[in-house]
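Structure record follows, encoded as structure tokens.
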Amino acid sequence: QVQLVESGGGLVQAGGSLRLSCAASGSIFSINAMGWYRQAPGKERELVTTVSSGGRTNYADSVKGRFTISRDNAKNTMYLQMNSLKPEDTAVYYCYAIIRTTYSTNTYKYWGQGTQVTVSS
């Protein structure tokens, strides 16, 4: 069993900051790529940012220069620092991780439960 637990969402004014966390636990052998998606009401889920096991990062153009993804491999935890937030960043944010468990040589994509981020204008 593997779980991803997110925390850190909330309500913030435009221009403010939030930090999301995503902690993986359970029968984990290794974690490959991790990342964040978001889904706004009435819109498709959007890939926001990813980080490889080696720390290489990618960002959607809409968040470049404002969001920073990082991970602590010792804690199996990933973070998303969101600065200069805009109302259009309002969405449910979902973390994911590509994980190999201790009971299989396959890797699977696991998801967090989602956390609401609301940015008021």
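Out of the residues in segment 26-54 meeting the condition of being within 15 Å of Thr107 (Cα to Cα) and in a strand (DSSP E or B), tell me which one is farthest from the chain's Cα centre (by Cα).
Once the filter is applied, the top-ranked residue is Phe29.
Of the candidates Arg56, Arg100, the single residue that is open to solvent by 60 Å² or more (accessible area, probe 1.4 Å), over 18 Å from Ser17 (Cα atoms) and touching a Ser or Thr at 6+ places or on another chain (Cβ under 8 Å) is Arg100. Inspect segment 81-89 for any residue being under 12 Å from Ala14 (Cβ atoms), assigned to a loop (DSSP other than H, G, I, E, B) and open to solvent by less than 40 Å² (accessible area, probe 1.4 Å) and give the result as yes or no. Yes, segment 81-89 contains a residue that is under 12 Å from Ala14 (Cβ atoms), assigned to a loop (DSSP other than H, G, I, E, B) and open to solvent by less than 40 Å² (accessible area, probe 1.4 Å). Contact map, segment 14-42: first residue under 23 Å from Thr118 (Cα atoms), second residue in a loop (DSSP other than H, G, I, E, B) and open to solvent by less than 40 Å² (accessible area, probe 1.4 Å), Cβ cut-off under 6 Å, separation 6 or more or different chains; pairs are Gly16/Leu85; Arg19/Gly8; Leu20/Gly8; Ser21/Gly8; Cys22/Gly112. Which residues, counting only those in segment 60-71, are open to solvent by less than 60 Å² (accessible area, probe 1.4 Å) and assigned to a strand (DSSP E or B)? Of everything in segment 60-71, those that are open to solvent by less than 60 Å² (accessible area, probe 1.4 Å) and assigned to a strand (DSSP E or B) turn out to be Phe67, Ile69, Ser70, Arg71.
The values are calculated or read from the model by the stated rules, or taken from the named source; none is laboratory data. Just so you know, these numbers come straight off a predicted model, no measurement behind them. All Cβ positions, glycine included, derive from the backbone under ideal geometry; neighbour counts span all protein chains shown. What goes into the accessible areas is simple: the full protein's heavy atoms, side chains included, and nothing from ligands, DNA or RNA. Shrake-Rupley method; radii C 1.70, N 1.55, O 1.52, S 1.80 Å.
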